[in-house]
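Peer 1: Before we start, here is the structure in question, set down as structure tokens.
A short reminder: the numbers here are calculations on the coordinates, not readings from a lab. This is a predicted model, so every value here is computed, not measured. Note that each Cβ is placed from the backbone with ideal geometry, even for glycine, and that neighbours are counted across all protein chains shown.
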Amino acid sequence: MTVSTEVGTRLAAFAEAVGPTGPVAVVGGRTRWDLGGAPTEGTRLVTAPVGVVDYQPQEMTIRVGAGTTVADLNQVLADAGQRCALPDRGGTVGGALAVGQNDIDLLGRGRVRDAALQIDYISAEGRVVTAGGPTVKNVSGFNLPKALVGSLGTLGLFGEVILRTNPAPATVRWLHAERAEPLPVFEALLRPAAVLFDGQAVWVKLEGHTVDVDAESRALEALASFREVEGPPPLPPHRWSVTPADALRAATLPGQGERFVAAIGVGLLFADCPQPARPADLAARQVADRMKQLFDPSCRLNPGRRP
Amino acid sequence: MTDELEDELRRALPATQVRGSRIRRRRGSDAGRSRVRTDSAERALLRRDASVFDGGVAGPVCFPETAAEVQAIVRIANAHGRAIVPRGAGTGLAGGAIPLGAPIVIALTRMNRILEVDTINRVAWVEPGVINLDLSKYLRPMGYHFAPDPSSQQVCTIGGNLANNSGGPHCLAYGVTDTHIIATEVVLPSGDIVMLGGLDPEPDGLDLRGAFVGGEGTLGIATKIAVRLTKNPPAVRTLLLSFGHVADAANTVSAVIAAGIVPAAMEVMDQRITIAVENYVHAGYPIDAAAVLLAEVEGLEGGVQIDADRIGEIGRAHGATDVRLAASDRERALLWKGRKTAFGAIAQIKPDYYLHDTVVPRAKLAEVLAQVYEIADRHELLVMNVFHAGDGNLHPLLIFDGREPGVLDRVHEAGAEIVRASLAAGGVLSGEHGIGVEKQAYMSEQFSDDDLDHQNRLRQSFDPHCRSNPGKVIPMGHSCADIQALRRVPTGVWG
């Protein structure tokens, strides 16, 4: 997977493909294509560079083309005993960052927004711009990668990114109890990777040293009848973002439908029905609109989409 | 004009009231005292921060107690075309809080209440003037702490941590401040009050919360902050490894990470600083070692023991002459006290120091450290190294006596070479101190014109007229509006 070409060459070629004029969007795996609105008709579609550019496991960083699939990225990381925060849902690295949605086990894996150390993107002017820096710790200048993650490509089109990686845990174990109280389960554990609750049953993902996973498994046995399972339950189709407190009382939230799975301690909720629109903070909206206007005055990047 | 400004500010901030608190009453009391100070002594105090940089000129100094008062000050400043500079404890080392252009200084130290601890949402709402260590001490009996722990944590504020996206030894495993700020109420430079982020994991819209963190006071003023609560680990092991060579300590750090272990902290001190620290705190640091590595692992008992054993083995394989495990909480606390007071300890040697802050890839630590010693020698300066080795975050301390003619020039020249050596090794300008005025001139060496132009666009999204902490972070050539804000100063009035 490692690509040997010069770092700048592929970015320059991508910048040329994006060009300085006309509506343009990057197409990745199309797994979240309609999120925030599909690109308007007549938008030119381009693809981002593909492949691992540089991987230094001991630095806990990897530089990849944004067009690389998350599956390919994960394979390279797994071969070196590492992983990262990006969820594998059949899409690309650039897509996962542009969408910014977390995996259900974000308590173990980390948040997507914290994974992007550096983003090299193509600006609305067709120029290569670097946000952030290559090291795991960096406060040189403003926190521009944070504005980019979750922006749906409306501020810049991602070409290459440097991601923070982490050691993969020695042991991963999913446990399931048909009936359990989710809060005592969550509070009994030091750092569970996930605690899921569907109103009756609880699923727990434990990970780390085997001895620790064993100890936490034993602690859970005191709370309910847990048994080991393959993985999480199937998730209902619609993703909600609520407070952890609301996730605990998910059954009483209006409009979520018959079935739900809530990520306890996090606030992600998967439900039968879409989340009702949430009131926007108008002053925040003004800042976001000004940012869009400053970064993309002609609204040529992913027109029709709004994060 | 000036009298009018003062009058308006005084009307907005009537003399001190004694406030109640839901959880914690603010400390100290100076009831009846004006909260708008214009006397030269008070303003002179706030001309500087903890950096070596001088040249600040403070305008009126305001001590608001509520977001509404901060908002009123910002609106008055706007009406008078004056810049504002927010200020916490003034512990910044990059000159970020220095008032340039006689701005209205908004000192947030009176907004120091812990408003709410919400364990269900794993969050504490605090005002920006809450001191970092006070918060963790308050949370500890509840089983939680605030993970970022800068060395200045006994005095620095959460608002300052947010503005600088501060780090600290334990950010290796837990992440820097950004990771631990969930939401923040902000008074924008326009005077509007906005909530950025939220208690839910994926708020709608752009991540303006993330963009705001690390803004160094140029994007607005945080008036209420939701910080993430981190559960206290049941088991902790603190190891002290001694080495005959600094490079061995640095290479051990790389090897630990390569072995798949991410300790809570990995800190290296060279012999010079170790001696100074040991004379200061008597923690039992070995003064004959060329370098020591302080490594800490946290978590559940079983895994912690495995990691501690493995770190010891890796250290020995890389030349550690001694591996010591802190035998008690007291010994552990003493070792950390030594590490965190290292900068105070050097006062025994010379009266002044300049603390640098760059990051290099871990694999380049030994190589860049060798360059740091060579650079200091060439400039006839004493250098000590104490740093967050796990993050590759170097902190060379150049030690000097400011009364010596010409020494500050040599300090700055050596500093510039250290910064450039770090960049040449694939590193970055700052790991946790920020840019402020200190590293503005170097920004062009890490970033292209296009990169800086886009950082300035982010700035202008929050502050179109560049009136919040003007003259910081972005080099002047890329931030024309700052020049206008600075020129608008009524010269001579506040000098």
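Peer 1: Could you tell me how far the Cα centroid of the stretch A:50-118 sits from the Cα centroid of the stretch B:190-244, in Å?
Peer 2: Distance between centres, Cα-based: 22 Å.
Peer 1: Within the stretch A:1-100, which trypsin sites (Lys or Arg not before Pro) sit in a loop by DSSP and count at most 14 neighbouring Cβ atoms inside 10 Å?
Peer 2: Values: sites: A:10, A:30, A:32, A:44, A:63, A:83, A:89; in loops: A:30, A:32, A:89.
Passing both the DSSP loop test and the Cβ count: A:30.
Peer 1: Between the stretch B:66-87 and the stretch B:412-446, how many Å separate their Cα centres?
Peer 2: 32 Å
Peer 1: I need the Kirkwood Rh of chain A: take the reciprocal of the average 1/r across all distinct C-alpha pairs and report it in angstrom. The partial results should precede the final answer.
Peer 2: Details: mean 1/r = 0.0484 Å⁻¹.
Over chain A, the inverse of the mean reciprocal pair distance is 20.6 Å.
Peer 1: Projecting each Cα onto the charge dipole of the stretch A:70-136 (Lys/Arg +1, Asp/Glu -1 at the beta carbon, about the Cα centre), which of A:119, A:129, A:106 comes out farthest on the positive side?
Peer 2: A:106
Peer 1: Per 5 Å bin from zero, what fraction in whole % of the C-alpha pairs of the stretch A:171-271 is there, up to the bin with the longest pair?
Peer 2: Histogramming the stretch A:171-271 at 5 Å steps yields 2, 14, 26, 25, 17, 10, 4, 1, 0 percent.
Peer 1: Is there a quick way to get the dipole size of the stretch B:174-284? I mean about its Cα centre, with the Cβ of Lys and Arg at +1 and of Asp and Glu at -1; what is the value in debye to the nearest 20? Let's see the in-between values first.
Peer 2: Working: 6 positive and 12 negative charges, 80 e Å.
Using Cβ point charges on Lys, Arg, Asp and Glu, the stretch B:174-284 gives about 380 debye.
Peer 1: Projected onto the charge dipole of the protein assembly as shown (+1 at Lys/Arg Cβ, -1 at Asp/Glu Cβ, origin at the Cα centre), which of A:143, B:335, A:75 gives the Cα projection farthest towards the positive end?
Peer 2: The residue sitting farthest along the positive end of the dipole is A:143.
Peer 1: When Cβ neighbours within 10 Å are restricted to other protein chains, what is their mean count per residue of peptide A:55-64? All intermediate terms of the calculation are to be shown ahead of the outcome.
Peer 2: On the way: counts 0, 5, 3, 11, 9, 6, 2, 0, 0, 0.
Per residue, the number of nearby Cβ atoms from other chains is 4 on average.
Peer 1: Still on this model: Amide H of residue B:111 versus every other amide H placed in the peptide plane: which residues, excluding those fewer than 5 positions away on the same chain, fall under 5 Å?
Peer 2: Amide H neighbours of residue B:111, under 5 Å, 5+ apart: B:129.
Peer 1: Now, a different point. Show that you can apply the helix-only estimate: for chain A, add -39,500 (n - 2.57) for every DSSP H stretch of four or more residues, divide by all residues, and state [θ] at 222 nm to the nearest 500. If you can, show how the numbers build up before the last one.
Peer 2: Details: 10 runs with 80 residues, N = 307.
Here the helix-only value at 222 nm equals -7000 deg cm²/dmol.
Peer 1: Could I ask something else about it? So how do B:334, A:155 line up by other beta-carbon neighbours within 10 Å, fewest first? Provide the component values of the computation, followed by the final result.
Peer 2: Numbers: B:334 17, A:155 30.
Ascending number of Cβ neighbours within 10 Å: B:334, A:155.
Peer 1: Continuing with this model, one more query. Rg to Rh ratio, the protein assembly as shown, alpha-carbon atoms and Kirkwood radius?
Peer 2: Working: Rg = 25.8 Å, Rh = 27.2 Å.
When Rh is taken as the Kirkwood radius, the ratio is 0.95.
Peer 1: Also, quick follow-up: Using the count of nearby Cβ atoms within 10 Å as a rough guide to exposure, how do B:4, B:65 rank from fewest to most?
Peer 2: So the residues, fewest neighbours to most, are B:4, B:65.
Peer 1: Towards the positive end of the charge dipole of chain B, with charges on Cβ (+1 Lys, Arg; -1 Asp, Glu), say which of B:147, B:86, B:289 has the farthest Cα.
Peer 2: B:86
Peer 1: Over the stretch B:248-401, one equal point on each Cα, no solvent: what is log10 I(q)/I(0) by the Debye formula at q = 0.13, 0.21 Å⁻¹?
Peer 2: Values, matching the q order: -0.58, -1.46.
Peer 1: Roughly how crowded by other chains is peptide A:275-286, in terms of the mean Cβ count from those chains within 10 Å of each of its Cβ atoms? Can you show the working numbers first?
Peer 2: Numbers: counts 2, 0, 1, 5, 1, 3, 10, 2, 9, 13, 5, 5.
The shielding value for this peptide is 5.
Peer 1: Under the definition of Cα pairs under 8 Å and six or more residues apart, what whole-number percent is the relative contact order of chain A? Let's see the in-between values first.
Peer 2: Numbers: 677 pairs, mean separation 58.1, N = 307.
RCO, chain A: 19 percent.
Peer 1: On to the next question. Based on the alpha-carbon set only, what is the convex hull volume of the stretch B:114-231 divided per residue, in Å³?
Peer 2: Details: hull volume 11.5 nm³, N = 118.
Measuring per residue, one finds 97 Å³ for the Cα hull of the stretch B:114-231.
Peer 1: How crowded by other chains is B:209-218, given as the mean number of beta carbons from other chains within 10 Å of each beta carbon?
Peer 2: 5
Peer 1: Could you list B:476, B:195 in order of exposure, starting from the residue whose Cβ has the fewest other Cβ atoms within 10 Å?
Peer 2: Values: B:476 13, B:195 17.
Listing B:476, B:195 from fewest to most nearby Cβ atoms yields B:476, B:195.
Peer 1: Suppose every K and R has +1 on its Cβ and every D and E has -1 on its Cβ; what is the size of the dipole of chain A about the Cα centre, in Debye to the nearest 20?
Peer 2: On the way: 30 positive and 32 negative charges, 171 e Å.
Roughly 820 debye, rounded to the nearest 20.
Peer 1: Can I ask one more? Please give the Cα centre distance for the stretch A:226-275 versus the stretch A:129-152, rounded to the nearest Å.
Peer 2: 31 Å
Peer 1: Still on this model: Nothing charged except the Cβ atoms of Lys and Arg (+1) and of Asp and Glu (-1): what's the magnitude of the dipole of chain B about its Cα centre? Round to the nearest 20 debye. Present the calculation step by step, with values, prior to reporting the outcome.
Peer 2: Values: 50 positive and 60 negative charges, 328 e Å.
My answer is approximately 1580 debye.
Peer 1: Here's another thing I want to ask about it. Considering only Cα-Cα distances, which of the following residue pairs are longer than 18 Å: A:137/B:137; B:137/B:337; A:137/B:364; B:137/B:231; B:231/B:337; B:350/B:439?
Peer 2: The pairs that break the limit, which is 18 Å between Cα atoms, are A:137/B:137; B:231/B:337; B:350/B:439.
Peer 1: Okay, moving on. Looking at the stretch A:1-148, send over the antiparallel percent of its DSSP beta bridges, to the nearest 5.
Peer 2: Details: 10 of 14 bridges.
Of the beta bridges lying entirely in the stretch A:1-148, close to 70 percent run antiparallel.
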